[in-house]
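Structure first, then comments.
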Amino acid sequence: MGREVASGPGTMRVGRFVGRLGVVSLPAIEAGLALDERVVRRHVARLETAGWLGRAPWVWGEGSVAWLTSLGIDGTGLDGVRAVKAPPARTTIAHGVLVGWSAARAEKRRRMWKSARELALDPDRWAVRMRCERGYTTLLPDLAVWLTSSDRPIALIAESGGRREDRQKLILEGWKDAIYAGQYSKVLYDCSNESVVRWISRLAKSARLTRSELNVVVQARSEEIATLAPAADDVLPDSNPDAAPDSPSEVQIEPTPAPEPSAPAETAPPAARARPETPEEAAERERRYREIFGIREPKPRRRWRC
């Protein structure tokens, strides 16, 4: 049965998407890979029958959730990525579901991305050092997303608003330092609802994060993701759609040498920070960012709720 599963490109595509993220809801798989619900369930059933995948029901309208076993991690070629401890804790599932929707949007746009599980394979390069109550700690973004293959990635955080304010402020300050250090070009908070958006926006002001360094939005879900088209500015092979989902991790990101992301930090970004950004430049940069990343403009009445 294992050979039968491995020979199906569609099943492998679903398996790799699940394995890269850890725990994912089936609706997020459908939205990210642009597959019909019955097709996703068929692929998941094959993986589960082969012992490659675990599945459990979930609540909050998210449908079932799935994760790969150790056998599934090996079978899909995700060497080094750790399997999820089964059964996953409820907090692990809740956060995984949230991250899955952010990854679904990036995948639908054909953005290059890496999950925290993949970034953890090279912590010296991707982990951000930040202050905490006991001194210093390191933290990885939930996703690193590349707008183009030559850019430094955006650090994407899926946020449900469960942390203490003092701890969250220290985290925001840590992301600000990481942007100045050239690890990431920007930080994007994908929030579960508008209340969390207002909370993060308020704390970001006290941490002195500017709009050129931080975006805070309500997370897109199935209906909105379905309307997104592939990003025209991504440098990804599009002649073979079946190979595209694997290309970001295997071709575009993994072979990139460590010095390359720091090169822009030594040239363009420091030069841009040397001169204060005008309000007009900030507004144009914000408009362009939302356009290329597929984020809808907020309603005018919401922009003054900070």
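Where a number appears in this text, it was derived from the coordinates with a stated rule and is not lab data. This is a predicted model, so every value here is computed, not measured. Counting neighbours? That spans all protein chains shown, and the Cβs are built from the backbone with ideal geometry, glycine included.
Overview of values
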{"item": "Computed label-point distance, nm, for sites Arg42 and Ala89 using a 7 Å Cα→Cβ extension", "result": "3.8"}
{"item": "Extension gain, Thr227 back to Ser195 (0.36 nm per residue minus Cα-Cα distance, nm)", "result": "9.0 nm"}
{"item": "Those chymotrypsin sites (Phe, Trp or Tyr not before Pro) in region 41-91 that DSSP places in a loop and that have at most 15 other beta carbons within 10 Å", "result": "Trp60"}
{"item": "Simple label model, 7 Å out from Cα along Cβ direction - Thr210 to Asp166, nm", "result": "3.0"}
{"item": "Segment Tyr136-Ala283, extension gain: residue separation times 0.36 nm, minus the distance between their alpha carbons", "result": "49.5 nm"}
{"item": "Ordering of 93-100, 223-230, 181-188 by burial proxy (mean other Cβ atoms within 10 Å per residue, highest first)", "result": "93-100, 181-188, 223-230"}
{"item": "Qualifying lysines (Cα of each under 22 Å from Cα of Lys85; at least 8 residues distant if same chain)", "result": "Lys114"}
